[in-house]
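Everything on this sheet refers to the single structure shown next.
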Amino acid sequence: MAKVAIIGAGVSGIAAAKQLSHHNPVVFEASDSIGGVWKSCSYNSTKLQSSRKDYQFSDFQWRNRDDPSFPSHVEILDYLESYAKHFDVLKFVKFNSKVVEVRFVGERETIELTGNAEEHGSPILPGHPVWEIAVQTNDSENLKWHAFEFLVVCIGKYGDIPKIPSFPPDKGTEMFQGKVLHSIDYCKLDKEAASQLLKGKKVVVVGCRKSAIDLAVECAEANQGPEGQACTMVVRTPHWTVPHYWVWGLPFFLFYSTRASQFLHERPNQSILKTLLCYLLSPMRRGVSKFIESYLLWKLPLQKYGLKPDHPFEEDYASCQMAIMPENFFTEADKGNIVIKRASKWWFWKEGIEFDDNTKMEADVVILATGYDGKKKLKSILPEPFRSLIEYPSGIMPLYRGTIHPLVPNMAFVGYIESVSNLHTSELRSMWLARLVDEKFKLPSVENMLEQISRETEVMRRTSRFYKRHCISTFSINHSDAMCEEMGWNSWRKKSWLSEAFSPYGSQDYGHEN
């Protein structure tokens, strides 16, 4: 019997498999390939929103690392495949193996191993099964059960289950005579099928984040010429977008990704002196946000098209919602190929959609770029009472170090918190998890873990109204410091105090123990 199972072979699953390879884990992947959302939730035009050197594993560089262009989703899949082959991770993966149910079979003593208010806890591999998982192979109706001592869940928050808006009675999709689909369905279309869906059609894209923006551009490109139709984006809450990672001639990392810049921001467990300094420096922090906003409003016609957010830039950065604007988005908008419609509420009628300002819009196709229900996906496989604990008590998933739920025994979650680079975030937590499973350190008590999680949640809540996205971008270095200290590593990873203060932190800083 294998000790460790990993559910999902996306970026997080592959990172976890590599770090736990000495346990010969079994990786269950529902599809026929690795890559996760990069495989299943990417458009033909989807690209990474950062440079290659900011999105790479600590011990495996891109072959064309210095290429300044953002890699396409195809290039990212190739990079992940090369990484998995290089470290011989694919031998652990069972493809076309969908986990449909998880069952707890551990004794009460096993639960106590994760800690209590009096003692240290650790997901010690107890030598007997704690979890049984039901796996459906190749869409077979038959389920096969497997038993494991430790389970790592890497199915992520995106993909699989679309988030569909709710509508008033008799005003839902059933009223519409045209075609309605979610962006996840659009992702399944090849280039020709996608073009045929959009070309010459009155298309409405609902949403305003990166997936909606990219979709609107693809729609505009498919509707060039006299026969083309304008694509309408229905936007409820616009978010800040950036054209590139320079602000008034300064590199963007200087404002948020260095130790010096994050000193301006509140962090969990800070001293009274640091709290006072944060308060005194708050005008500078707001000034940085205003400085960036001034550049974006100068560089991009956000006000012209009603896309200027009502909230500060800092709140989008703190909730990982900042997006790169495609170069030709506003060019297409200027030509009339993309139309922006601001609306807080809308619903369907026979020939299109209707808005709360009593206006109507005809449509042939409506594409919902409204996100995914990751928690529903997770709850669909977890048993009670653990299912009810997923969002307890704050409405977001309580994860110590972004990995361990204090009330769920012998289980870890990788890929459920966000930061500037989710690959780096997942890899470092996989390193930490491997050392935890190897009993190189112990977890704090359940009580202390919950207190730490609560402090982090309060920091996120005070920093952004969108805190439930569980993003640690404004205190990511502090978060990594704490993990390094628990692993017995030096938390300061640079070679000099100057680079320590003003150089950006990334995966390459954690490629070795010291």
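Taking strands (runs of 3 or more DSSP E) as the structural unit, those lying wholly within segment 316-390 and holding at least 1 residues that are farther than 30 Å from LYS299 by Cβ and touching a residue at least 60 places away in the same chain (Cβ under 8 Å) correspond to 346-349, 352-355, 360-362, 365-368. Scanning segment 315-352 for residues that are of a type in the set (Asp, Glu) and in contact with a strand residue (DSSP E or B) (Cβ under 7 Å, 6 or more places away or on another chain), which turns out least open to solvent (accessible area, probe 1.4 Å)? The residue in question is GLU332. For THR359, state whether it is among the β-branched types (Val, Ile, Thr), under 29 Å from GLY200 (Cβ atoms) and surrounded by fewer than 17 Cβ atoms within 10 Å (Cβ to Cβ). In short, yes. The condition (being free of Cβ contacts under 8 Å to residues at least 12 places away in the same chain and of a type in the set (A, V, I, L, M)) is satisfied by just one residue among LEU250, LEU181: LEU250.
For the criterion of being touching a residue at least 24 places away in the same chain (Cβ under 8 Å), out of contact with any strand residue (DSSP E or B) (no Cβ under 6 Å at 6 or more places or on another chain) and either among the aliphatic types (A, V, I, L, M) or surrounded by fewer than 17 Cβ atoms within 10 Å (Cβ to Cβ) (or both), ILE396 passes. For LEU250, the test of being open to solvent by 10 Å² or more (accessible area, probe 1.4 Å) and within 29 Å of LYS494 (Cα to Cα) is passed.
Only a single item in (1) within 23 Å of SER140 (Cβ to Cβ); (2) open to solvent by 40 Å² or more (accessible area, probe 1.4 Å); (3) part of a loop (DSSP other than H, G, I, E, B) is not met by SER33, and it is number (2).
The set of residues in segment 191-218 that are in a helix (DSSP H, G or I) and within 13 Å of VAL365 (Cα to Cα) comprises ALA194, SER195, GLN196, LEU197, LEU198, LEU215, ALA216. Residue count for segment 79-103, restricted to those that are in contact with a Lys or Arg (Cβ under 7 Å, 6 or more places away or on another chain) and either buried (at least 20 other Cβ atoms within 10 Å of the Cβ) or hydroxyl-bearing (Ser, Thr, Tyr) (or both): 1.
The set of residues in segment 135-151 that are among the acidic types (Asp, Glu) and within 29 Å of the chain's Cα centre (by Cα) comprises ASP139, GLU149.
Taken together, the residues in segment 147-195 that are open to solvent by 80 Å² or more (accessible area, probe 1.4 Å) and of a type in the set (Phe, Trp, Tyr) amount to 1. Residues in segment 283-309 that are surrounded by fewer than 18 Cβ atoms within 10 Å (Cβ to Cβ), in contact (Cβ under 8 Å) with a residue 12 or more places away in the chain and within 18 Å of ARG342 (Cα to Cα): PRO301, GLY306, LYS308. Entry remark, segment 388-432: residues being within 12 Å of the chain's Cα centre (by Cα) and hydroxyl-bearing (Ser, Thr, Tyr) number 5 in total. Tell me, which residue of segment 50-78 that is open to solvent by less than 50 Å² (accessible area, probe 1.4 Å) and in contact with a strand residue (DSSP E or B) (Cβ under 8 Å, 6 or more places away or on another chain) is nearest to GLY159 (Cα to Cα)? Looking at the filtered set, the residue picked out is HIS73.
Screening HIS239 against (1) surrounded by fewer than 24 Cβ atoms within 10 Å (Cβ to Cβ); (2) over 21 Å from the mean Cα position of the chain (by Cα); (3) modelled with pLDDT of 95 or more leaves a single unmet condition, (2). Scanning segment 452-500 for residues that are under 23 Å from SER50 (Cα atoms), among the aromatic types (Phe, Trp, Tyr) and not in a helix (DSSP H, G or I) turns up just one, PHE466.
Checked against (1) under 29 Å from HIS239 (Cα atoms); (2) assigned to a helix (DSSP H, G or I); (3) not acidic (Asp, Glu), LEU433 passes all but a single condition, namely (1). For segment 264-282, residues that are without any contact (Cβ under 8 Å) to a residue 12 or more places away in the chain and either under 29 Å from LYS210 (Cβ atoms) or assigned to a loop (DSSP other than H, G, I, E, B) (or both) total 2. Taking every residue in segment 501-514 that is closer than 15 Å to SER430 by Cα and assigned to a loop (DSSP other than H, G, I, E, B) and pairing it with any residue that is open to solvent by less than 40 Å² (accessible area, probe 1.4 Å) and of a type in the set (A, V, I, L, M), at least 6 positions away or on another chain, the pairs with Cβ-Cβ distances below 8 Å are GLU513/MET487.
The values are calculated or read from the model by the stated rules, or taken from the named source; none is laboratory data. Keep in mind the model is a prediction, meaning the values are calculated, not measured. All Cβ positions, glycine included, derive from the backbone under ideal geometry; neighbour counts span all protein chains shown. Side chains are part of the model used for accessible areas, which takes the heavy atoms of the whole protein and leaves out ligands, DNA and RNA. Shrake-Rupley method; radii C 1.70, N 1.55, O 1.52, S 1.80 Å.
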